1. Could you compute the net charge surrounding residue A:301? Neighbours are other residues with a C-beta less than 15 Å from the C-beta of residue A:301; K and R count +1, D and E count -1.
2. Taking 8 Å as the Cα distance limit and 6 or more residues as the minimum spacing, I'd like the relative contact order of segment B:1-262 as a percentage.
3. Return the loop-located chymotrypsin sites (Phe, Trp or Tyr not before Pro) in segment B:84-189 (DSSP other than H, G, I, E, B) with at most 12 other Cβ atoms within 10 Å of their own Cβ; answer none if there are none.
4. Do any of A:43/B:119; B:119/B:227; A:123/B:119; B:220/B:264 go past 26 Å between their Cα atoms, and which?
5. Residue A:306's amide H: which non-local residues (gap 5+, or another chain) put their own amide H closer than 5 Å, with H modeled 1.01 Å from N in plane and none for Pro or chain starts?
6. Which whole-Hz couplings ³J(HN,Hα) result when phi for each residue of segment A:190-198 is put into the Karplus expression 6.51 cos²θ - 1.76 cosθ + 1.60, θ = phi - 60°, listed in order with x for Gly and Pro?
7. Excluding residue B:376 itself, what net charge comes from residues whose Cβ is under 13 Å from its Cβ, given Lys and Arg +1 and Asp and Glu -1?
8. Measure off 7 Å from each Cα along the Cα-to-Cβ vector at residue A:68 and residue B:13, then give the distance between these two points in nanometres to one decimal.
Amino acid sequence: MKRIKRTTQIIQIGMILFLLAGCAPQTSYDNNQPDNMLNYKYKVGVVLKAMDSEYGLSLKSGIETASEEFGVNSIIVHPISETDVQAQNIMINDMLNSDVDAIVIMPCDSYNTEQYMNKAKEKDIPVFSMDTEMYGQDEPYIGSNNQEIGTIAAEYMSELLNGKGSVAVLAGTLIQSPHADRLMGFKEYIEAETDIHIVYEAEAYSSFLEGVKKTGEIFEMYPDIDGIFCTNATMALGVVDRMEFMDINRAIPIIGVDTQSDSIHKILDGKIAGMVSQNGYDIAYETIGAVAKYLNGEKVEGNIYIKSDLITKKNALKYLNSEPSIKTKENTQ
Amino acid sequence: MKFRAKIALTIVFIAILISIVTSIIYYNITSSVTEKNYRQSIQQNVNNQALKFDSLMKEMYYASIKVSSDPELIQYIKEQYSGEDKLLEISILLHSYHISDPNIDSIYVYLPNEQKVVKSQQYKAVKDILASEDYAWIRKITSHEQTVKPITVKDEIGSVKKYIFLYSKPVIDPETGKILGEIAVNMDERLVYFSCLDSLNNSLNSTTEIVDNNIIASSKRIANLGKNINDMPISSSDKREEYAVAPFTGYRFVSTLDIASLTKDLTELRDLIIGISLITMIFSIILAFFFSKRLYTPIKTLKDAMWRLSEGDLKARADVKGNDEMTMLSTRFNSMADRIEKLIEELVTEKLLKKEAELEALQHQIAPHFMYNTLNSIKCAAYLQNAHDIVKLLDAFIDLLQSSISKKGAFITLKDELKLVENYVLLQSFRHRYSFIVDYSIDPNTEDLYVPRLIIQPLVENSIFHGLDTKTNRNKIMIRSYMDGDYVIINVEDNGKGMSVDELETISVKKKVKKEQFNHIGINNIKERISLYYGINGGIEFLSNSEEGTKITIKIPASANQEQYKIREDEEV
């Protein structure tokens, strides 16, 4: 009897060991396929304006993060500068030929979009505009409400100048909707609600250098100017740089646009009065999210606006510390 | 199954089980983990290299757009078409782009109106195209769609024929929208290989190739370029797997993995373990056999001894060696066998003695029949001569003889025994001239009890032969019997001269004496028979001195059953 029990025990141990041996390959293989570049659901072409600002980099960061999250292969191309409309058109054209499921365009020119838009329709490729709208097209737009940005800037300017005085405006290229819309929003409010006069208005092509040049011009023409509004951050930085160079210490409020750390630092330094936030990371993330949603068969209707706020010395630190684009950028690099 | 075989088999089974299970588990776990890590490592590296490939190509792509839309180039081409010779200027412009990016191998401009290709190299900077179909790139210009993907062709325009990745872009007059020509920004396939694949191939025991539509675009072996990867043979142990698609260009990275060499060490290790366990197994069998034999030997010895004993060999004993439980068992067995042997020996001796005693009793009864006949004849003669005394004597004698040699059992009633004594006394009285008298005092309760045959007569005989004082007539022999509880006591007493110490000893000592002392045999015979029949329950006692004669007392258990104390079944009744 005892011997039978012992034999049974040995058989049981043997069976357990064999089971373990049998289990081993099943548990340790095949269940964890490493990340690879084969299992994307969609291929999305993204044609940006340029990659020469922190804003552009934060857009790229948002695209990459969202792409990974939504299983989208986003191919990003961009011309050297955002004035290079022809190169961008070639890229959009090439992208439409490259078997993409959708295309996201941040047009350098909001007006002349017909050629590639027709091609996209022909090829049945859905087009989304990001940051910059296309005039005369019904593509879904994801970005800031730029007219509202202009209004926010105007309200703050009016508040700082007590509703009177003279201001200058430096805009980016006005063939791009954000600059045109911001300018329009700013002007409409100033003209309707205040006694402020816009004495100077020029395109500085979103460029630091142009900002510098135009600032010289402004102070030459209007040495008593009370405030300057720039439709993006790079130009505002150019203004500050020039004013420092010219040793102008008078308190002239400068207001810019974009959530960009270098200009927020200038707010903390007191060089820039305020910035209207435009978070590139959030815009890009929302865009890819919308594209993925659309490709998954869900409805994406109308435009998606990312809310903008005023950044001043009071809340600047918060933006500096919590800005997701910077963090994510650090993580991905 | 033999005990020894069981032990051996158990040990061997466990040894096999442990070694096989261990090696299987070890091999499976380790090889799968290794393979997984290996694949992960390849995946990681291939992903990185695919991204690197993309970024190389993206630079080329940007360069091709930049060159194709260069206003200076457009101007030169227009001037060239209008009859001026701007080929040198074009070449110098291309050269400036060429040297601005070290990854660019060459830049070409195809001028269809003049059937010329201007190259960025200074050597043989212009090539005349006689038949455009002869050149893969120029053939593709008309057919291929403008995408972000490069094309791979064999460069037939440059001085060295080699495989290149190229971006081909039309040069468009921005004013008229007319295509003026086509530029190609070329990258050497070798550069791609050494930038993106070489490190993979050198470190990971695998061969990775860049493939577009199954056509090999970049590979370690130049001979493979331009061929279909599915036509490339692989060895049976290898695995060809696609690990990445470069996201920008869409080129595929296909790796051929040498799984066998990856697990070669492990397989060797597994084989080694199995080999070692086989050797261990053989040793275990030998050891198990050896030890079990040593364990088994005392068991076998004991088993054999038991077998022999049970078959009746009382001398069978187990050899005792060592100091373990088996030794204890053997020792115990041996002492048990000793006891059995001794008991059986005693039993046999006892039986033999009884047999001998009976034989002696029978010998005592020997009286051939012819004696009766002779005596009867004498008796008739005496009767005819009216010698009535003699007739009487002869009657008694014949009676005595008859009951002496009667075969009617070893036990008779006390009454019959006394009758026998009376006849004997009558004969002896005649012989001794009536010099003694016999007095009977018999308890009637004892008359029907059974006593061993011829138990009183020898005592009377002893009294007559030893106790009679022939000089007087007052010799008297008294025979008494009475009950003492469950016992019968029989006394034979005389008032004769008694027995000397020597005589007492002679009759007391159990001794096998021959017939010359018939009466002594009688007394001894009685003693032995009482002891044999009744054991400690019976007894005989002698009391004698020179003055008062001899008194012999027999004490035996009262029995009304003739067969109660019978010894043998075959004893006649």
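1. -2
2. 18
3. B:123
4. Beyond 26 Å: A:43/B:119; B:119/B:227; A:123/B:119.
5. Those qualifying (amide H under 5 Å, at least 5 residues apart or on another chain) are A:143, A:144, A:145.
6. 4, 5, 7, 10, 9, 9, 7, 10, 8
7. Taking every other residue near residue B:376 into account, the sum is -1.
8. Simple spin-label model gives 5.6 nm for this pair.
Here, each number is a calculation from the coordinates, and none is a lab measurement. Source: prediction; values computed, not measured. Glycine gets a Cβ as well: all are built from the backbone with ideal geometry, and neighbour counts include every protein chain shown.
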